[in-house]
Each structure stands twice: as C-alpha cells, then as structure tokens.
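S.K.: Next up is a structure, given as structure tokens.
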Amino acid sequence: MPRAMTRTVSIGPVEDTPLGMTLERHLLDRQRRMPEATGDFTGLFQQIMLAAKIIGSRVSKAGLSDILGRTGTTNVQGEQVQKLDEFANTVIVQTVEAGGHVCVMGSEEVENPITIPSQYPQGKYVLQFDPLDGSGNIDINASIGTIFSIHRRVTPPGQGSMKDLLQKGSEIVAAGYVIYGSSNMLVYSTGDQVDGFTYDPGVGEFFLSHPDIRIPQRGGIYSINEGNYHNWSEGTQKWVDWIKTPDENKKAYRLRYIGAMVADIHRTLLRGGIFVYPRDVKNKKGKLRLLYEASPMAFLVEAAGGAASDGKNRILDIQPTELHQRTPVFIGSPDDVADALRFVNA
Ligand code: P6P
C-alpha cells in the first residue's frame with residue numbers, strides 16, 4: 001500500500017506552522033490501511049502522545065517549579081528517584097489506564113506489574129515503559145527521554161499478569177521514545193519503518209519531521225562510559241582501544257556519551273555508530289533493563305536497518321524471566337556492532 005505522502009507547504013518564514021503530517025493523522029492513515037484494525041492501537045497511542053505532551057511541558061520548565069531534584073526515595077533499581085521521574089510515571093499510568101486499551105503495565109519505577117483498576121476496561125495491549133530515562137540529566141538541563149513498548153496480551157480476557165509482560169522483544173507490536181531536548185521528538189515504529197515527529201508547542205501537535213529513518217551501515221562515533229574501562233572484560237577493553245585508534249582501514253572514531261540512553265540512541269539512529277553498555281565487574285548482567293530500555297530500542301534500531309545484541313544473542317530473541325532484568329547492550333550500525341562482537345567474543 002503506498003504510504004501517505006507528506007506535504008509541507010512553504011507559507012513564509014520558518015516560524016510559520018508547517019502544513020505537515022501530524023502524528024495523529026499518521027496513526028489514522030496506518031489504521032485505515034489495516035482492515036482488521038479496531039482503533040484500539042490508535043487510541044492507546046493517542047494516550048501515550050498526551051502523556052508525552054504533559055511530561056514535555058513540565059520538563060521544559062522544571063527549573064521554575066519545585067520539581068527538580070530528588071524525592072529522597074529510591075526505586076526498585078536502588079536508584080534515587082527524581083521528582084520528575086515520579087511525575088512522569090504517574091502521568092503515563094493515569095492517562096493510559098483510563099483509556100481502557102491495556103490489561104497491565106510495567107514501569108521502571110514500579111516493582112510489580114501495574115494492574116488496571118476495575119472501573120476501567122481491560123484492553124488487549126500491554127504497555128511497558130521507562131517514564132523518564134536518564135533523569136540524572138534533569139538538573140543539568142541535558143536531554144532525557146521516555147521509552148515505551150507495546151505488546152499484545154497473551155492471557156485470556158480479564159486482569160493482565162506478569163505473563164503478559166514477560167514477552168520477547170520480537171513480539172513487540174510497536175515501540176518508541178520521546179526525547180526532551182533542544183526540541184521534543186517522538187520516534188516510533190511498528191516494525192516496518194521508523195518515523196520521527198517533532199513537537200510544535202505553538203500548535204500542540206507532533207509533526208512528521210524525520211520520515212523513514214535509516215541507520216547508516218557504519219558510523220564514526222562510539223558511545224560508552226569510558227569511566228568504567230577498568231571494570232570491563234578484556235574483550236571490551238580491546239574493542240575500545242581499537243575503535244579509537246586510526247589504522248590503514250579507518251579513522252579513529254569519535255566518542256559521544258550523553259548519559260541518557262534515549263539521547264545516545266537517537267544520535268546513533270541518525271548519525272550511525274554504536275552505543276554500548278556492557279557487563280562489568282559491578283554490573284555483571286549490564287546496567288540497562290531489558291523490557292523497557294533494551295528491547296524497545298533494539299526493535300527501533302533493527303527496524304531502521306541496525307543491529308542489537310547482548311554481546312552474544314540478538315536482544316529481541318531474549319526470553320525475559322524477570323520484570324526488571326538487565327542486559328548488556330551493543331546497539332547501532334550493523335558493521336559497528338559486528339566489529340564490537342568480534343572483539344568481545346574473541
Ligand atoms: P552511567 C540512565 O541512568 C541510564 O539508565 C541510561 O539512560 C544511560 O544510558 C545509562 O543509565 C548511563 O549510565 O553508568 O554511564 O551513568
């Protein structure tokens with residue numbers, strides 16, 4: 001089926017509103033191309049979009065309200081909970097549960113499965129999310145983001161359960177992220193392609209700005225926290241020593257590390273290269289969480305033509321056993337991921 005063509009009419013200076021494709025219209029066009037579609041997916045996505053707008057609005061003025069800093073509590077990950085973390089989590093949970101399109105949710109901020117209150121319908125989808133990834137960047141005004149993935153439920157109608165949450169990334173129906181940065185963007189895929197939408201606060205809509213994002217076969221940037229160098233395996237150390245050394249076949253790669261997975265992956269998608277958070281002596285299974293960080297990002301990067309591995313296996317093939325389980329992550333341009341795995345598995 002031909003994809004709806006976008007049409008942006010130049011109506012004057014850049015600040016004028018683009019007559020472009022809104023995310024709302026993009027979702028409806030997609031729904032119309034699927035005869036069996038009921039509108040549930042579109043409805044769920046509209047709730048995610050609303051949550052993203054609310055979170056983005058609060059993030060953009062975090063410094064002006066008493067929402068910076070820490071709550072003084074720690075989450076299931078043992079991490080300091082930022083006030084904005086808690087706010088973002090609440091916004092997503094309350095927006096989505098009322099929509100009646102999901103039967104259970106999983107959140108980085110909540111230890112157990114989030115069930116849907118009995119006053120709302122139990123939907124056919126499952127939502128997992130990191131409400132505010134990289135929240136340590138909030139107080140220094142660096143980019144942060146929201147990561148989400150959508151599965152279909154696998155249990156009979158009624159309350160959803162852990163079984164609905166512990167599904168492979170290869171079963172994802174859709175995944176995406178919102179990056180709150182110099183501009184706010186929502187990037188998503190249902191598996192066939194990846195599209196990016198930029199938020200215009202003057203209009204209150206996301207407009208298609210990055211249609212059909214394709215990751216370069218090879219990049220020139222590596223992204224890893226080199227402060228952990230002495231905790232890594234010898235293979236990871238050798239890969240990093242190699243990638244930053246020019247030789248007859250390549251220039252030295254440049255290091256870029258923002259410290260928020262959403263921002264580092266967004267750059268990797270657009271510019272190519274590789275993002276790595278390997279296992280180390282402190283994080284023996286890696287630091288990043290499989291279900292609401294690694295899997296959705298792996299789904300997106302693969303849909304854009306990239307690769308995503310835990311160092312040995314395709315991330316999307318991992319069968320989850322715990323809600324907050326962690327995994328090493330090697331994700332980005334296919335050639336760069338293949339190079340890294342050659343060293344790590346030597
Ligand atoms: P480190 C943020 O805390 C996060 O979960 C990811 O967004 C990010 O990629 C990683 O951890 C950064 O970890 O140990 O380098 O600060």
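S.K.: Could you go through the stretch 247-267 and let me know if any residue there is more than 10 Å from the ligand (Cβ to nearest atom), β-branched (Val, Ile, Thr) and touching a residue at least 24 places away in the same chain (Cβ under 8 Å).
M.R.: Looking through the stretch 247-267, none of the residues is more than 10 Å from the ligand (Cβ to nearest atom), β-branched (Val, Ile, Thr) and touching a residue at least 24 places away in the same chain (Cβ under 8 Å).
S.K.: Still on this model: Would you say Tyr199 is assigned to a strand (DSSP E or B), under 15 Å from the mean Cα position of the chain (by Cα) and among the hydroxyl-bearing types (Ser, Thr, Tyr)?
M.R.: Values: assigned to a strand (DSSP E or B): yes; under 15 Å from the mean Cα position of the chain (by Cα): no; among the hydroxyl-bearing types (Ser, Thr, Tyr): yes.
When the stated conditions are applied, Tyr199 does not pass them.
S.K.: Among the residues of the stretch 161-189, which ones are in a loop (DSSP other than H, G, I, E, B) and not small (Gly, Ala, Ser)?
M.R.: Correct list: Leu166, Gln167, Lys168, Ile172, Val173.
S.K.: Could you pull out the residue among Tyr253, Tyr257, Tyr277, Tyr292 that is of a type in the set (Phe, Trp, Tyr) and more than 16 Å from Gly145 (Cβ to Cβ)?
M.R.: Tyr253
Residues checked against (1) within 17 Å of the chain's Cα centre (by Cα); (2) small (Gly, Ala, Ser):
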| position | (1), (2) |
| --- | --- |
| Pro157 | no, no |
| Ser161 | no, yes |
| Gly191 | yes, yes |
| Gly220 | no, yes |
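S.K.: Taking the stretch 301-346 on its own, how many of its residues are of a type outside the set (Val, Ile, Thr), assigned to a strand (DSSP E or B) and closer than 26 Å to His210 by Cα? First the steps, then the outcome.
M.R.: In the first step, residues of the stretch 301-346 are kept if they are of a type outside the set (Val, Ile, Thr); the result is 302-314, 316-317, 319-320, 322-326, 328, 330, 332-336, 338-343, 345-346.
Within this subset, residues satisfying the condition of being assigned to a strand (DSSP E or B) are 307-309, 314, 326, 330, 332.
Now narrow it down to the ones that are closer than 26 Å to His210 by Cα: 307-309, 330, 332.
Number of matching residues: 5.
S.K.: Restricting the search to the stretch 119-151, which residues are touching a Phe, Trp or Tyr at 6+ places or on another chain (Cβ under 6 Å) and more than 16 Å from the ligand (Cβ to nearest atom)?
M.R.: The one that is touching a Phe, Trp or Tyr at 6+ places or on another chain (Cβ under 6 Å) and more than 16 Å from the ligand (Cβ to nearest atom): Ile150.
S.K.: Separate question: Just the residues that are within 13 Å of the ligand (Cβ to nearest atom) and under 15 Å from Ile274 (Cα atoms), please, taken from the stretch 226-246.
M.R.: Selection gives Glu226 alone.
S.K.: Quickly run through the stretch 202-225 and pick out the residues that are outside any loop (DSSP other than H, G, I, E, B), away from the ligand (no atom under 16 Å from the Cβ) and not small (Gly, Ala, Ser).
M.R.: Glu205, Phe206, Phe207, Leu208, His210
S.K.: For Val187, all conditions in the list (1) outside the structural domain of Gln319 (by TED's automatic domain parsing); (2) in contact (Cβ under 8 Å) with a residue 24 or more places away in the chain; (3) more than 16 Å from the ligand (Cβ to nearest atom) hold save one; what is the number of the exception?
M.R.: In the conditions (1) outside the structural domain of Gln319 (by TED's automatic domain parsing); (2) in contact (Cβ under 8 Å) with a residue 24 or more places away in the chain; (3) more than 16 Å from the ligand (Cβ to nearest atom), Val187 misses (3) alone.
For every residue, the table says whether it meets (1) crowded, with 18+ Cβ neighbours inside 10 Å; (2) modelled with pLDDT under 70.
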{"site": "Pro2", "(1), (2)": "no, yes"}
{"site": "Val14", "(1), (2)": "no, yes"}
{"site": "Arg30", "(1), (2)": "yes, no"}
{"site": "Met34", "(1), (2)": "no, no"}
{"site": "Gly56", "(1), (2)": "yes, no"}
{"site": "Ala62", "(1), (2)": "yes, no"}
{"site": "Asp66", "(1), (2)": "no, yes"}
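S.K.: Restricting to the stretch 278-296, name every residue that is under 15 Å from the mean Cα position of the chain (by Cα) and near the ligand (Cβ under 10 Å from one of its atoms).
M.R.: Here is the first cut: in the stretch 278-296, the residues under 15 Å from the mean Cα position of the chain (by Cα) are 288-296.
Residues satisfying the conditions are Leu288, Arg289, Glu293.
The values are calculated or read from the model by the stated rules, or taken from the named source; none is laboratory data. Note that this is a predicted model, so its numbers are computed, not measured. Every residue, glycine as well, gets a Cβ built from its backbone with ideal geometry; the counts of neighbours run over all protein chains shown.
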